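Where a number appears in this text, it was derived from the coordinates with a stated rule and is not lab data. Since the model is a prediction, treat every value here as computed from it, not as a measurement. As a convention, Cβ positions derive from the backbone with ideal geometry for all residues, glycine included, and neighbour counts pool all protein chains shown.
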Amino acid sequence: MTPEPFNLATAVANDAPAGSPVGVSIVLPTFNERGTIAGLIGQLLGLRSRFRLELLVVDDDSPDGTAELVREIARQEPCVRLIRRVGRAGLASAIKEGLLDATSDVALVMDSDGQHEPAAVERALDTLLSGNWDLVVGSRFHRDAAIRGLSGRRERGSTWANASALFSLPKAYGSLSDPMSGFFALRLDRALPLLRAVDVNGFKFLYELLAVSGGRLRATDVPLTFQPRTYGSSKLDLAIFWDFLISILHSLSFRVLPRRAISFGLVGLSGVLVQLLVCQLLMSAAGLGFERALPVAVVTSATSNYLINNALTFRFQRLKGALLVRGLLKFLLVSSLPVLANVGLASAFYDLVSRDTLWAQLAGILVVFVWNYAASSRFVWNTP
C-alpha cells in the first residue's frame with residue numbers, strides 16, 4: 001500500500017504526535033526596546049515546555065543597545081536568533097523578514113514594547129492549533145478584551161481606523177474586531193505564498209496580509225489585555241497616519257494603483273492648493289498680473305511638494321541636511337521641464353481658451369503629474 005503523503009496542516013491541527021512538539025516561531029520586531037526585550041524573552045522561554053520554540057528578534061539597528069543585549073541572550077539560549085538589519089527599517093518589513101526566516105510550522109508576531117501580554121501567546125496558539133484556522137488575531141476590541149495601554153483619544157482613533165479597515169477588506173473578514181492588530185498567529189504553510197505579496201510600506205502588516213489574501217485565510221480572533229507602555233515612547237506619528245490613509249485608498253482601488261503613486265498624487269493635490277493660493281495672493285496683494293504671478297506660484301508649489309513627499313511618500317529614503325538641499329535642487333531640475341510646460345500650457349489656455357485662471361492652472365498641473373512622479377522617484381529618491 002502506498003503511504004499517504006505527509007500533510008503539514010493536518011499534523012499541526014492535530015497538535016502533532018506525542019514526543020514531537022509543534023514548532024513555533026515567535027517574531028519580535030524591535031527598535032529601542034532594550035528596557036523590555038530581556039523580560040519578554042524570559043517569559044516566552046517558558047513555552048519550551050509545550051512547543052519547539054524559536055524566537056526571532058528582528059532589530060532595526062537600535063542605537064540603545066537592543067541588539068547587543070539580544071546577542072548576549074542568544075549565546076545562552078540557542079532558540080533565540082538575532083536578525084540585525086542595517087540600511088533597512090520599518091515595522092512591516094521587519095515582520096515580513098522575520099516570518100520569511102522562520103523555520104517552524106506555526107509563527108506568531110507580537111510587539112516587543114511590553115503592551116502585548118505574553119499570556120495571550122498560549123491562548124492564540126491553542127486556538128489556532130485546536131481549530132480549523134489559518135490565522136488567529138489578538139484583538140484589543142474583542143468583547144472580552146481589556147485596554148489598559150491606550151488613552152481615550154488613541155482608543156477612539158483606533159476604533160475608527162479598524163472600522164475603516166474592515167470597510168476596505170474582503171467581506172470574509174467581517175467578523176474580525178481588530179484587523180490593525182500587531183499580534184497574530186498563523187500557519188506558515190498557508191501564509192507563505194501570500195507573504196511575498198505583502199507591501200512592507202503599508203500601515204499595518206496584518207491589514208496588508210488580509211488585503212492581499214482576498215479572503216482566502218480562515219481567520220478568527222481572541223481577546224487581548226493591552227498593557228500600558230513601561231519603556232520608551234510610542235512610534236506613532238504623522239507618517240503612520242499617512243500610511244494608513246494610503247493603505248485604505250490602495251485597497252479601495254483594488255490594489256491597481258501603486259501606493260507611492262497614490263501618495264504622490266495626494267501630495268500633488270496639496271501642491272495645487274498651494275499654487276492657487278500663492279498665485280491669488282500675488283495677484284491681489286502684490287498687484288502682479290497672472291503671467292508674472294504664475295511662475296512664482298508654480299516654483300513655490302513644487303518646493304512644497306518636494307518637502308512633503310520627502311517627509312511622507314519617500315520617508316524610508318528621507319533626505320536630511322545637505323542631502324535635503326541637494327535633493328531640492330535635483331527635484332526642481334527634474335521638474336523644470338514640466339514647470340515650463342505647466343506655465344506655458346496654463347498661459348496658453350488662459351490666452352486662447354478661457355480667461356479663467358483656475359482652469360488654466362489645472363490644465364498645466366494635470367499634464368506634468370506623471371512626469372514628476374516617474375522622474376523624481378528615480379533621480380531624487382533613487383527608487384524604481
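Side notes on the structure shown:
- With θ taken as phi - 60° and the Karplus curve 6.51 cos²θ - 1.76 cosθ + 1.60 applied, the whole-hertz 3J(HN,Hα) list for the range 215-221 is x, 7, 8, 7, 10, 8, 9 Hz, x standing for glycine and proline.
- For the range 286-294, backbone phi angles converted through the Karplus equation (6.51, -1.76, 1.60; θ = phi - 60°) give residue-by-residue couplings of 9, x, 7, x, 4, 5, 8, 6, 4 Hz, Gly and Pro being listed as x.
- For V80, distant residues with modelled amide H under 5 Å away: L55
- Stretching the chain fully between V296 and R216 yields a gain of 23.6 nm (0.36 nm per residue, less the alpha carbon separation).
- Cut-off under 5 Å, modelled amide H: who pairs with D221 long-range: V137
- The calculated FRET efficiency for D126 paired with K171, based on their beta-carbon distance and R0 = 22 Å, is about 0.20.
- Amide proton proximity set for G23, modelled H, under 5 Å, gap of 5+: R52, D105, V106
- Cα→Cβ-extended label distance, 7 Å offset, between L288 and A239, nm: 3.3 nm
- Karplus-based coupling profile of the range 80-95, in residue order and whole Hz: 8, 10, 9, 10, 9, 9, 10, x, 10, 7, x, 4, 4, 5, 5, 5, with θ = phi - 60° in 6.51 cos²θ - 1.76 cosθ + 1.60 and x standing for Gly or Pro.
- Each label point was placed 7 Å from the Cα along the Cα-to-Cβ direction; for A146 and R88 their separation is 3.8 nm.
- Put in line by how crowded their Cβ is, counting other Cβ atoms within 10 Å and starting with the fewest, I83, I41 read I83, I41.
- Simple spin-label estimate for R71 and F254 gives 5.0 nm between the two label positions (7 Å along the Cα-to-Cβ direction from each Cα).
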